[in-house]
Amino acid sequence: MKAINLARNIVKMRHEKGMTQEDLANYIGVSKSSVSKWETGQSYPDITFLPQLATLFNISIDELIGYEPQMCTEDIRKLYVKLSADFASKPFDEVLESCREIAKKYYSCFPLLFHMGALLVNNSMESGDREKTLSVLSEAKKLFVRVKTESEDAELVQMALNMEACCALMMGNPNEVIELLEDTSHKIFSSESLLASAYQMLGKSKEAKMILQIAMYQHMSILFGALTDYLMLCTDNPEHYDKTFKRANDIAEAFNLKKLHPTMLMKLYIVAAQGYAMLGSTERVLEILEKYTELVTSDIYPLQLKGDEYFYLIDQWIEELDLGNTLPRSEKVIRKSMADGVIKNPAFTILADDIRFKRIVEKLNNNCWEQDNP
């Protein structure tokens, strides 16, 4: 962890003052070579020089030192996994306080702040209280705003903006979401084909295939997610609803999402069942919920991002993601949410006395119980 940025700051401040290394050396009373070593990180100024340097540059000693604790990707991943598990097994407030302390300590480590915010969002509903959930979402939002406004990583900034909007939506502020995202570009620019062609020209076939596999995986995920979200907008047109659900199912079958990414298919089933409930099609609701239950109680654990026999070159890419193949919540919390998504879903209240629905509820409850009693 490189937390001290003194060398960088001396160079920056000296240039802003229009001073040469020799000018600074004369001012402090040291040799030019000493200043050179300070600026290249070969040595640090004597502690007694720090007030003099800070005064010269009109900043505090803390600003001069530039103390910014950073955490590497691997450590962020391990910490996220630990805290995610803690949210599933320890008192909510205790884990929340740990997250706050970590965020405060690493307030200038923007990747860490982003994932702390994501952790809070993904576990906010576990607070058990609506007002507390809103408060946690507000805390997460502030972290995303800091990342958005302070980070120099363009990709991280965009991700933070999206998560800020996500928080606003979960807090019931749709106008804020529109304000944040309406002016963002709707055009999609893809460089994967050019990059793959370049690798192919160099005779690097494996690299070319990997680039395109990663692209197909991501675009497939985006398309499937969009179809799932679009489905709920189609309840005003039953025929269009059926067509949309069929297209999503066709993609799921074509890419074998039951094995490749079952959590995406789970969301589709819940959304589709809710929609058919609104359309008054009880038989379709039960049919889809039975498929959902069969999926979530099948051999899909441990849940993790991974490739398969088709996407056989993407595992390295997944491993290089900030959280690797780790899912955003612990498996215990995920299994519970799988059951709650049906049992506590008001859309399915009318099915409470149906024998098929009772079997579904029993299987889902047993699936949660298996996690606590492996």
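Could you say whether any residue in the stretch 270-293 is farther than 14 Å from Thr228 by Cα, under 27 Å from the mean Cα position of the chain (by Cα) and assigned by TED's automatic domain parsing to the domain that holds Leu327? Yes: one or more hits. Scoring Glu287 on the criteria (1) charged (D, E, K, R); (2) in contact with an Asp or Glu (Cβ under 9 Å, 6 or more places away or on another chain); (3) surrounded by fewer than 18 Cβ atoms within 10 Å (Cβ to Cβ) leaves a single failure, condition (2).
For the stretch 332-339, the criterion of being touching a residue at least 60 places away in the same chain (Cβ under 8 Å), in contact with a helix residue (DSSP H, G or I) (Cβ under 7 Å, 6 or more places away or on another chain) and either surrounded by fewer than 17 Cβ atoms within 10 Å (Cβ to Cβ) or part of a loop (DSSP other than H, G, I, E, B) (or both) is satisfied by at least one residue.
Condition check ((1) part of a helix (DSSP H, G or I); (2) at pLDDT 95 or above; (3) in contact with a Cys (Cβ under 8 Å, 6 or more places away or on another chain); (4) not charged (D, E, K, R)) across all residues:
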residue: Phe189; (1), (2), (3), (4): no, no, no, yes
residue: Lys206; (1), (2), (3), (4): yes, yes, no, no
residue: Tyr217; (1), (2), (3), (4): yes, yes, no, yes
residue: Met220; (1), (2), (3), (4): yes, yes, no, yes
residue: Phe224; (1), (2), (3), (4): yes, yes, no, yes
residue: Asp229; (1), (2), (3), (4): yes, yes, no, no
residue: Arg247; (1), (2), (3), (4): yes, yes, no, no
residue: Ile251; (1), (2), (3), (4): yes, yes, no, yes
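With respect to (1) free of Cβ contacts under 8 Å to residues at least 60 places away in the same chain; (2) in contact with a helix residue (DSSP H, G or I) (Cβ under 8 Å, 6 or more places away or on another chain), the lone exception for Glu101 is condition (2). Tell me, yes or no, whether the stretch 301-323 has at least one residue that is in contact with a Phe, Trp or Tyr (Cβ under 8 Å, 6 or more places away or on another chain), β-branched (Val, Ile, Thr) and more than 30 Å from Met210 (Cβ to Cβ). Scanning the stretch 301-323 turns up no residue that is in contact with a Phe, Trp or Tyr (Cβ under 8 Å, 6 or more places away or on another chain), β-branched (Val, Ile, Thr) and more than 30 Å from Met210 (Cβ to Cβ).
The condition of being in a helix (DSSP H, G or I), touching an Asp or Glu at 6+ places or on another chain (Cβ under 9 Å) and among the polar types (S, T, N, Q) holds for only one of Gln213, Gln200, that being Gln200. Among the residues of the stretch 56-71, is any under 26 Å from Leu161 (Cβ atoms) and within 18 Å of the chain's Cα centre (by Cα)? Yes, the stretch 56-71 has at least one match. Scanning the stretch 6-41 for residues that are within 24 Å of Cys109 (Cα to Cα), of a type in the set (S, T, N, Q) and either touching a Pro at 6+ places or on another chain (Cβ under 8 Å) or surrounded by fewer than 17 Cβ atoms within 10 Å (Cβ to Cβ) (or both) returns a single hit, Thr40.
Could you identify the single residue in Glu152, Glu176 that is out of contact with any Asp or Glu (no Cβ under 6 Å at 6 or more places or on another chain) and either of a type outside the set (D, E, K, R) or not in a loop (DSSP other than H, G, I, E, B) (or both)?
Numbers: Glu152 fails: either of a type outside the set (D, E, K, R) or not in a loop (DSSP other than H, G, I, E, B) (or both).
Just a single option satisfies the conditions, and that option is Glu176.
Beta carbons closer than 8 Å, at least 6 apart along the sequence or on distinct chains, pair a first residue in the stretch 26-55 that is within 13 Å of Ile10 (Cβ to Cβ) with a second that is surrounded by 13 or more Cβ atoms within 10 Å (Cβ to Cβ) and basic (Lys, Arg) for Glu39/Arg14; Ser43/Lys37.
The values are calculated or read from the model by the stated rules, or taken from the named source; none is laboratory data. Computed from a predicted model, the values in this text were never measured in an experiment. Cβ coordinates were reconstructed from backbone atoms using ideal geometry, including for glycine residues, and neighbour counts include every protein chain displayed.
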